[in-house]
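Structure first, commentary second.
The values are calculated or read from the model by the stated rules, or taken from the named source; none is laboratory data. Everything numeric in this text was worked out from a predicted model, so none of it was measured. Note that we place each Cβ from the backbone using ideal geometry, even for glycine, and neighbour counts take in every protein chain shown. Please note that ligands, DNA and RNA were not included when accessible areas were found on the heavy atoms of the full protein model with its side chains. Shrake-Rupley method; radii C 1.70, N 1.55, O 1.52, S 1.80 Å.
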Amino acid sequence: GTGYIGAIWSQQAANKSGHRDSAGVGRLVMRVHQDGDHPTQWSPIEVIASGQAVADDHLNTAVARDGSVYLVTKTSLDDLWPQVAQVPLLMAYVRDIFGKWTGHPLSLSEERGTRPIVTLDDERGILHVFYTRPSIHTRSERAIVHRWSDRTRIKFSEPDVAIGQAGLYLNDATSTHQGMNQEEGLLVMCWGSDRKTETPNRAYFRVYQLESG
C-alpha cells in the first residue's frame, strides 16, 4: 500500500581481506521502484550510511503503513584492529516518508551484539529489536535480548533477555514479517543447543502480549 518497493543492500570494501585490520570504507544503500514504472526503472542509489567498517551483511527491515522504513544492521567495527571501545556495533536507521535517512545507535561494541531483527507495532508506534548477545558468564552461552523504542522518537530501552537459559547457545532470532496486533501478540523464535550435554539443535520461542492503548 505504499506505492513502491525498495531494495536495500550492503557494499563492504571490495578489497577487504581476512586480516582484522583491513575493514575499509563501505556503505549501506537503497534503490526504489515505483508501482507502475517499467520493471527496469529504479531510482538513483540512496546512501543510507558510509564510512569505515559501516557495512556488514546482517540486515533486517520493517515497513510502517505510512511508508516509513526501519532498518537494523550490524557494522564491521569489530573487524578493526586495534579494537575501538564504546562504538556502535549495532545500528538502527529510519527512512521517513520524504526519503530522508537518519541513524541511531542500538548497541555498543562492548555488548558484542549480532544478528539483529526489527519488528513494528504500527498501532502503538513501537519498534521491537531482538539480537544475539554472549552471556556475561561465558562466551559458550548466548541469549536473545530485546530492546524497544517509540518509532517517532528513537531512543532504545536497556536490554532485557527475551530468550535465554543457563548452558544454552542461542542464535538467529526471527519473527513474523507481517504487522503484529494485540490479539496475536509478538512472536520471536531462535535456534539453540546445549553444548555441555551435546543436545541436538532445538527451536525456542517466546510470545509477548501487547498492551492495549
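Some notes on this structure:
- Pick from region 4-28, criterion among the aliphatic types (A, V, I, L, M) and either assigned to a strand (DSSP E or B) or open to solvent by 80 Å² or more (accessible area, probe 1.4 Å) (or both), ranking: modelled with the lowest pLDDT: A14
- Where a residue in region 41-54 is in contact (Cβ under 8 Å) with a residue 12 or more places away in the chain and within 15 Å of T102 (Cβ to Cβ) and its partner, wherever it lies, is among the hydroxyl-bearing types (S, T, Y) and surrounded by 16 or more Cβ atoms within 10 Å (Cβ to Cβ), with Cβ under 7 Å and at least six apart: I48/Y93; A49/Y93; V54/T75
- Test: residue in region 64-71 that is surrounded by 21 or more Cβ atoms within 10 Å (Cβ to Cβ), at positive phi and at pLDDT below 95: no
- Taking region 132-207 as the region of interest, the strands (runs of 3 or more DSSP E) fully inside it that hold 3 or more residues being more than 15 Å from the chain's Cα centre (by Cα), buried (at least 20 other Cβ atoms within 10 Å of the Cβ) and on the phi < 0 side of the Ramachandran plot are 168-175.
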